[in-house]
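What follows is one structure encoded as structure tokens, with my remarks underneath.
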Amino acid sequence: MWLPLLGLIVGLLLGSIFTFNIPIEYANYLAVAVLAGLDSLLGGWNAIFKRDFDGMTLITGFFVNTLLAAGLAALGDMIGIDLYLAAVVAFGIRIFHNISSIRHELIALNRKRKGKRQSHGGIDQS
Amino acid sequence: MADKKRKSIKQRNILFLSLISFILGVMIMTSIHTNHSAIAATESKTREVVDYIETLEAEVGALEAEINATREQIKALESSQAQEETQLSYLNSLAGGLSVRARLTDMEGPGIVITLDDNAVGAALAQKNNPSTYRAENYIVHDKDLLYLIRALSHATEACSINGLRLTDASSIRCAGTIILINSARLAPPYKISIIGDQKELVSALTSCGTYLSLVYRGIPVEYVKQDKLIIKAYAGAYSTNYVQVTDDRINFPPPDDLLP
């Protein structure tokens, strides 16, 4: 389970060592894409805790969401509407929702483990 | 078998998750770098704009200083021009005064006109009646008659001309045979002496002077007329100096020809 975290750290390190600069005018699109990616990742973790995870869904969701978010932001710029703000709000809500869900799952898991340990302890004592 | 498959799927899922995490990590850092670059570029542009504005402000300051200096120059020139105009005006009035003193301008004013002529009638009678005692010079106007007459009136004279020839301080009245030379010009009778001055004083001086009485005694036709507006022309001759030299080095004498009226 630590491998995804390791992947994230390696990605951050690589990204900071090899500085990939994109043109400044695309910075907003990349930021929205990052939000979409983060949403997908958290959604993946949420699915893992709910035992509903599917790798293909994650992969396709990640790429489609990031590209769609960046594309929407670009389209908004073209037609003169700040559509990237809509993406920021939407993905922001989803990110907080996913984090909340993960937190609940973690708490439930923790409680479940504690309950199991307590039941094992009772048997030992008896 | 089912466990093995489930394990394989789980490993694949973790691999996908790790891959996505890795990509997201790179994306996050790229986004951060891009934002930093954008901020740095904006700051650089801002600095450039600030530098440009400061340069422009310095240029504006220099131009303002230049404008002020030019204004001062214009003010100084205007002042200098006004001073020159004042000096020119003074010199003009001085030159005008000197022209009047040198009799180089036309003058007008009240005065008297004295007319003298040879006593032709008396001469003819004397020649006829007493040819032995007849002397022609007793019946003509001589240069000294004019000279004495003018001198007798000089104290009341401001401008004087004889037959239109202006008399100056350098004028001469001489005789050459039967004609009189004034300012080297030959005159013939009748002689018309125009004098501007106090009419009363002129008439008084004329009628009381010996020359006038002598002329009347000799029967020379002499008469005078008062005129309220008498015009006397300017002296048209030249002032020639051959021997005199000015001792004051500051005075440019003789003056250049173009300065003479």
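The values are calculated or read from the model by the stated rules, or taken from the named source; none is laboratory data. Computed from a predicted structure; not experimentally measured. When we count neighbours, we look across all protein chains shown, and the Cβ atoms used for this are built from the backbone with ideal geometry, even at glycine. The area values use the complete protein model at the heavy-atom level, side chains included, leaving out ligands, DNA and RNA. Shrake-Rupley method; radii C 1.70, N 1.55, O 1.52, S 1.80 Å.
For Cα pairs less than 8 Å apart in space and 6+ apart in sequence, what is the mean separation divided by the residue count of the range B:106-232, i.e. the relative contact order in percent? Let's see the in-between values first.
Details: 216 pairs, mean separation 60.6, N = 127.
Across the range B:106-232, relative contact order equals 48 percent.
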Accessible area per residue, 1.4 Å probe, Å², for the range B:52-113: what's the number? 79 Å²
Dipole check, chain A, charges on Cβ (K,R +1; D,E -1), about Cα centroid: among A:L13, A:L85, A:F53 the Cα furthest to the positive pole belongs to A:F53
The range B:90-146 to the range B:184-216: how many Å between their Cα centroids? 7 Å
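Quick check: at a probe of 1.4 Å, how many percent of the accessible area of the range B:119-180 sits on carbon and sulfur atoms?
Numbers: 1890 of 3600 Å².
That share works out to 52 percent.
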Ordering B:M29, B:M107, A:M78 by accessible area with a probe of 1.4 Å, largest first, what comes out? A:M78, B:M107, B:M29
With +1 on the Cβ of every Lys and Arg and -1 on the Cβ of every Asp and Glu, the dipole magnitude of the protein assembly as shown about its Cα centre, in debye rounded to the nearest 20, is 3200 debye
Plugging the Cβ-Cβ distance of B:N138 and B:R174 into 1/(1 + (r/R0)^6) at R0 = 22 Å yields, to the nearest 0.05, a FRET efficiency of 0.65
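From the cross-link list A:K50/A:K116; B:K192/B:K229; A:K50/A:K112; A:K50/A:K114; A:K114/B:K7; B:K192/B:K233, which pairs have alpha carbons spaced over 21 Å apart?
Numbers: A:K50/A:K116 19 Å; B:K192/B:K229 16 Å; A:K50/A:K112 14 Å; A:K50/A:K114 19 Å; A:K114/B:K7 26 Å; B:K192/B:K233 14 Å.
Violating the 21 Å limit, Cα to Cα: A:K114/B:K7.
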Residues of the range A:23-125: accessible area per residue at 1.4 Å, in Å²? 64 Å²
Checked against the positive end of the charge dipole of the range B:1-101 (+1 on Cβ of Lys and Arg, -1 on Cβ of Asp and Glu, about the Cα centre), the farthest of B:S18, B:A65, B:Q87 is B:S18
With label points set 7 Å from each Cα along the Cα-to-Cβ direction at B:T115 and A:I93, the distance between them in nm comes to 13.2 nm
Could you tell me the accessible area of A:F20 in Å² (1.4 Å probe, neighbours in place), rounded to the nearest ten? 100 Å²
Let's test the formula: R0 of 56 Å, r as the Cβ-Cβ distance of B:A82 and B:V203. What FRET efficiency results, to the nearest 0.05? 0.70
So, relative contact order of chain B in percent, Cα under 8 Å, 6 or more apart, is 25 percent
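Once you have the Kirkwood Rh of the range B:2-124 from its Cα pairs, apply Stokes-Einstein at 20 °C and 1.002 mPa s and quote D in µm²/s. Don't skip to the end; give the middle numbers.
Working: Rh = 26.7 Å.
Estimated via Stokes-Einstein, D reaches 80 µm²/s.
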Mind grabbing the accessible area of A:K116 for me, 1.4 Å probe, Å², rounded to tens? 120 Å²
Report, ordered by chain and residue number, the lysines lying within cross-link reach of B:K128, taken as a straight Cα distance under 28 Å and ignoring same-chain residues fewer than 8 apart. B:K144
Leaving out ligands, DNA and RNA, calculate the buried accessible area for the pair B and A with a 1.4 Å probe, summed over both sides, in Å² to the nearest 100. 2700 Å²
Which of B:P190, B:G237, B:S204 sits farthest toward the positive end of the charge dipole of the range B:108-261, with +1 on the Cβ of Lys and Arg and -1 on the Cβ of Asp and Glu? B:P190
Taking chain A and dividing mean pair separation by its residue count, relative contact order in percent (alpha carbons under 8 Å, at least six apart): 27 percent
Based on C-alpha coordinates, I'd like the Rg and Dmax of chain B, in Å. 53.2, 194
